[in-house]
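So the structure is just underneath, and the comments pick up after that.
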């Protein structure tokens, strides 16, 4: 078991509805990790710093961090940092929440084109106090009925989860809304290509390979649609995705740098270093060194 990943069995009891909310008080550091589920963290009080693929930022009351399955993060220098979590399994997103594909804001939060282990990292929102209080009231039943079973309990938990996600969607900033609408309008071929590259970043993908897997879609048309949806040409997006996956592996495993490169399709160490630096501005070794969580002061 990967010690840097929080597995489902550490969170959900067998047979329980995979939706819950709980509160944590953090002091000191929490090492880089990702999750085998979705997590939304609401900062209620205290001090601390949050670390993602983009670096460190100071946490403040009302900040909301939306961690999609596979996103990694860590906390540093926490002093009585109070965080309310909402956690739910991927099957909830793909089954009970399947209708969210018609709503750009919800797609952005949980199934954003290009998200989940790539260079985008977690979505971060800011809630005013009145919205934070509403959210806590909505989440209360998720704590009360946590680890429950049965149709009635499932209905209560899913219903309150939907209310919570709807509240979150009201607090996307203009840039996030623009990305949400652009991603939601992505051509099905683009969505499929992203899934293919995300699932197998080490494959030596070419435009011709992708179009062949997409039942012969025209390469020029596909490239235009891909850039419109993501802001990047397909292979430039793949470079960013590979770099993002490599960055997570550098921080949450002790694998050799050359091994990490090979896992994302960059078997030549020098090529790996150049491509990684083009995305993050640091070599893989520098990124790993700077990203290591030091002891708290």
| For segment 151-172, which residues satisfy the criterion of being more than 22 Å from residue 101 (Cβ to Cβ) and without any contact (Cβ under 8 Å) to a residue 60 or more places away in the chain? | 151, 152, 156
| remark: Here the residues within segment 72-91 that are touching a helix residue (DSSP H, G or I) at 6+ places or on another chain (Cβ under 7 Å) and under 20 Å from residue 155 (Cα atoms) are 86, 88, 89
| query | Out of segment 230-266, which residues are more than 22 Å from residue 54 (Cβ to Cβ) and in a helix (DSSP H, G or I)? | reply | 234, 235, 258, 259, 262
| request: State all residues of segment 68-89 that are more than 21 Å from residue 141 (Cα to Cα) and either without any contact (Cβ under 8 Å) to a residue 12 or more places away in the chain or in a strand (DSSP E or B) (or both); if no residue qualifies, say none. | output: 72, 73, 74, 75, 76, 77, 78, 79, 80, 81
| query | Of the residues that make up segment 148-163, is at least one closer than 30 Å to residue 238 by Cβ and in contact with a strand residue (DSSP E or B) (Cβ under 8 Å, 6 or more places away or on another chain)? | reply | no
| query | Looking at 151, 82, 124, which one is at pLDDT 95 or above and surrounded by fewer than 21 Cβ atoms within 10 Å (Cβ to Cβ)? | reply | 82
| message | Take residue 161 and tell me if it is outside the structural domain of residue 35 (by TED's automatic domain parsing), modelled with pLDDT of 90 or more and part of a helix (DSSP H, G or I). | response | no
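The values are calculated or read from the model by the stated rules, or taken from the named source; none is laboratory data. None of the values given here were measured: they were computed from a predicted structure. All Cβ positions, glycine included, derive from the backbone under ideal geometry; neighbour counts span all protein chains shown.
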